1. May I ask for the Kirkwood hydrodynamic radius of the stretch 174-243, worked out over all distinct Cα pairs and given in angstroms to one decimal?
2. Which semi-axis lengths, in whole Å and largest first, follow from the square roots of five times the eigenvalues of the Cα gyration tensor of the stretch 202-260?
3. So what's the net charge close to Arg275: Lys and Arg +1, Asp and Glu -1, counting the other residues with Cβ under 11 Å from its Cβ?
4. What is the P(r) of the stretch 236-316, as percent of Cα-Cα pairs per 5 Å bin from 0?
5. Amide H neighbours of Val193 under 5 Å, counting only residues 5+ apart in sequence or on other chains, H built in-plane at 1.01 Å?
6. Go ahead and run the numbers for FRET between Leu45 and Arg137, Cβ-Cβ distance against an R0 of 22 Å, rounding to 0.05.
7. Taking H as built 1.01 Å from N, whose amide H comes closer than 5 Å to the amide H of Tyr268, not counting residues under 5 places away?
8. Run a plain Debye calculation on the stretch 35-232 (Cα atoms as equal point scatterers, no solvent) and give log10 I(q)/I(0) at q = 0.14 Å⁻¹, rounded to two decimals, same order as the q list.
Amino acid sequence: MLKLLSIPLLVIALVGCEESQPQGFGSWLGGDSGAFTKVSPETRLRFPEDHQAHEDYRYEWWYFTANLVTTEGETFGVQWTQFRIALASNGSANQGWETSQLYMAHSAITTPAHHLAAEKWSRAHPKMAGVAKSPFRVFLDDWQWRSNSDEMFPASLNVATEEFSYSLNLASESSFQLQGEQGYSVKSADGSVASHYYSQPFIDVEGTVTLKGTQHKVTGQGWIDREWSPQFLLGSQQGWDWFALRLDNDTSLVVFQLRDSETGDASYAYGQLMRRDRSGISISRQELTLKALETVSIQGSNYPTVWQLEIPTLRLL
């Protein structure tokens with residue numbers, strides 16, 4: 001048995017993309033939930049229905065990351081996310097060209113030396129941006145995740161920008177992992193903020209990545225997170241650090257912490273060890289410690305790049 005005590009981590013997910021988030025995006029996530037539908041611990045997630053958009057909730061995302069390697073041994077990190085933001089509650093009707101749904105897609109590629117990112121915005125429209133049922137498709141212009149049926153897998157993910165592009169085939173036969181209590185994921189110490197949240201951390205990836213005009217054949221592992229809620233942050237919370245770790249072929253670990261806006265310290269933390277057979281282990285806030293060891297300064301802001309994670313009680317079989 002291996003005791004997981006202290007792991008140095010390279011951050012490639014939310015922290016790595018934080019610089020490219022649109023101004024004010026974090027404040028939106030912490031806005032008043034208002035008249036939007038509230039999440040409930042009584043709700044039971046259903047598939048494939050819950051792969052679709054939940055437009056009566058204020059915020060939602062489809063968040064994919066992957067670690068890829070070329071036939072020559074070069075490594076790439078790939079991230080694609082589509083955010084949905086409801087501009088009006090479910091009781092508000094649209095008129096004319098008005099829309100109550102806004103989409104933003106963000107994509108990035110990282111190498112040991114570079115971080116390239118791009119984003120797109122669009123109103124909801126069947127030919128511009130949205131989520132389709134059969135086949136399941138999440139799209140904004142020509143960026144899209146498209147499956148062969150109403151299920152999420154198998155699927156293809158295609159993104160093209162002026163600086164980079166990728167075309168990936170995605171496959172998974174594993175069950176979806178429900179975060180928190182049966183998919184009800186608390187986001188604050190007092191339990192007043194929560195989301196519906198599930199993951200697929202066991203995705204096989206193969207395809208091509210094109211960078212600076214050179215196309216590379218790649219293979220690797222991917223992860224997708226799905227969340228929706230009327231509110232993700234308290235007014236006293238600044239943001240969060242999120243880690244998706246593949247420990248071996250059958251074991252993954254998710255850890256996140258939410259930061260206090262005044263002190264910058266963690267006000268809430270969560271973790272879950274996930275296995276393909278869903279015999280996972282929940283990790284309480286008291287059982288884990290997450291500490292930034294190194295930072296990099298970009299345009300006057302400091303971004304953590306190397307972390308130490310300590311979970312003294314966790315043993316991996």
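Coordinate-derived values only; no laboratory data. If you're wondering where the values come from, they're calculated on a predicted model, not measured in any experiment. Every residue, glycine among them, receives a Cβ derived from its backbone with ideal geometry; neighbour counts consider all protein chains shown.
1. On the way: mean 1/r = 0.0680 Å⁻¹.
So the Kirkwood estimate lands at 14.7 Å.
2. Values: eigenvalues 193, 58, 24 Å².
Three semi-axes, in Å: 31, 17, 11.
3. Working: positive: Arg276, Arg278; negative: Asp248, Asp250, Asp277.
Counting the neighbours of Arg275, the net charge comes to -1.
4. 3, 13, 22, 23, 18, 10, 7, 3, 1, 0
5. The list, which skips near neighbours in sequence, is Lys187, Ser188.
6. 0.65
7. The answer is Leu258.
8. -0.84
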